[in-house]
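Trainee: One structure is given below, represented as structure tokens, and several questions about it will come after.
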Amino acid sequence: QLVLVESGGGSVQSGGSLRLSCDVFGYTYDTYCMGWFRQAPGKEREGVAAISSDGSTLYADSVKGRFTISRDNAKNTLYLHVNSLKPEDTAIYYCAADHRAYCYTLRTLGYNYWGQGTQVTVSS
């Protein structure tokens, strides 16, 4: 029902910034909770941030104050601005959707649709 396509990843130095994008293809995008997740090599996938259809947000403690999630409903695009990047932020970043309008959780099992991921690499 939804197709999610991430872009904007890359390799940056510690302290750098990126803007990750997720283009959403579907008729009900503006009614969905949207989230960003990441998975580092050898580690479990973890929730990073989420935004509800009303604009309310959730952030993991590890990124709060550095990352900002936003959505442009006119463009059907989800964004994650990542700032003050650290080597421990290195991971594949995925966008995901929950068909419910409100984001209740950053747990992976709460989301129904997933993109293919985009790599973020932070060097020191």
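The values are calculated or read from the model by the stated rules, or taken from the named source; none is laboratory data. Small disclaimer: the values here were computed from a predicted structure and weren't measured. In this analysis, Cβ positions are derived from the backbone assuming ideal geometry, glycine residues included, and neighbour counts consider all displayed protein chains. Quick note on the areas: whole protein, heavy atoms, side chains included, nothing else; ligands and nucleic acids left out. Shrake-Rupley method; radii C 1.70, N 1.55, O 1.52, S 1.80 Å.
Trainee: Listed residues E88, E6; which is within 11 Å of the chain's Cα centre (by Cα), within 23 Å of V122 (Cα to Cα) and among the acidic types (D, E)? Before you say what the answer is, go through the steps one by one.
Mentor: Values: E88 fails: within 11 Å of the chain's Cα centre (by Cα).
One residue alone meets the criteria, E6.
Trainee: Inspect segment 44-60 for any residue being of a type in the set (K, R), touching a residue at least 12 places away in the same chain (Cβ under 8 Å), in contact with a strand residue (DSSP E or B) (Cβ under 9 Å, 6 or more places away or on another chain) and open to solvent by 60 Å² or more (accessible area, probe 1.4 Å) and give the result as yes or no. Spell out how you get there, then give the answer.
Mentor: At the first step, the residues of segment 44-60 found to be of a type in the set (K, R) are 45.
Next, only the ones that are touching a residue at least 12 places away in the same chain (Cβ under 8 Å) stay: 45.
From what is left, the residues that are in contact with a strand residue (DSSP E or B) (Cβ under 9 Å, 6 or more places away or on another chain) are 45.
Now restrict to residues that are open to solvent by 60 Å² or more (accessible area, probe 1.4 Å): 45.
Yes: one or more hits.
Trainee: Here's something else I'd like to know. Quick one: count up the residues across segment 99-124 that are open to solvent by 80 Å² or more (accessible area, probe 1.4 Å), of a type in the set (S, T, N, Q) and not in a strand (DSSP E or B).
Mentor: Count: 2.
Trainee: Collect the residues in segment 23-34 that are part of a strand (DSSP E or B) and open to solvent by 50 Å² or more (accessible area, probe 1.4 Å), keeping them in residue-number order.
Mentor: Within segment 23-34, the first condition is being part of a strand (DSSP E or B), and the residues that meet it are 23-25, 33-34.
Across segment 23-34, the qualifying residues are D23, F25.
Trainee: Going by what's in this entry, would F37 be described as open to solvent by 60 Å² or more (accessible area, probe 1.4 Å) and either touching a Cys at 6+ places or on another chain (Cβ under 7 Å) or closer than 19 Å to L4 by Cα (or both)?
Mentor: no
Trainee: Report yes if some residue within segment 76-98 is open to solvent by 80 Å² or more (accessible area, probe 1.4 Å), in contact with a helix residue (DSSP H, G or I) (Cβ under 6 Å, 6 or more places away or on another chain) and in a loop (DSSP other than H, G, I, E, B); otherwise report no.
Mentor: For segment 76-98, residues open to solvent by 80 Å² or more (accessible area, probe 1.4 Å), in contact with a helix residue (DSSP H, G or I) (Cβ under 6 Å, 6 or more places away or on another chain) and in a loop (DSSP other than H, G, I, E, B): absent.
Trainee: Testing L20 on (1) open to solvent by 20 Å² or more (accessible area, probe 1.4 Å); (2) within 14 Å of I69 (Cα to Cα); (3) among the aliphatic types (A, V, I, L, M), one condition comes back false. Which one is that?
Mentor: Tallying (1) open to solvent by 20 Å² or more (accessible area, probe 1.4 Å); (2) within 14 Å of I69 (Cα to Cα); (3) among the aliphatic types (A, V, I, L, M), L20 fails exactly one: (1).
Trainee: Could you grab the pairs with beta carbons closer than 6 Å, sequence gap of 6+ or different chains, first residue in segment 15-43 and of a type in the set (F, W, Y) and at pLDDT 95 or above, second one open to solvent by 50 Å² or more (accessible area, probe 1.4 Å) and not in a loop (DSSP other than H, G, I, E, B)?
Mentor: none
Trainee: If a residue must be under 14 Å from the mean Cα position of the chain (by Cα) and hydroxyl-bearing (S, T, Y), how many such residues does segment 35-61 contain?
Mentor: 3
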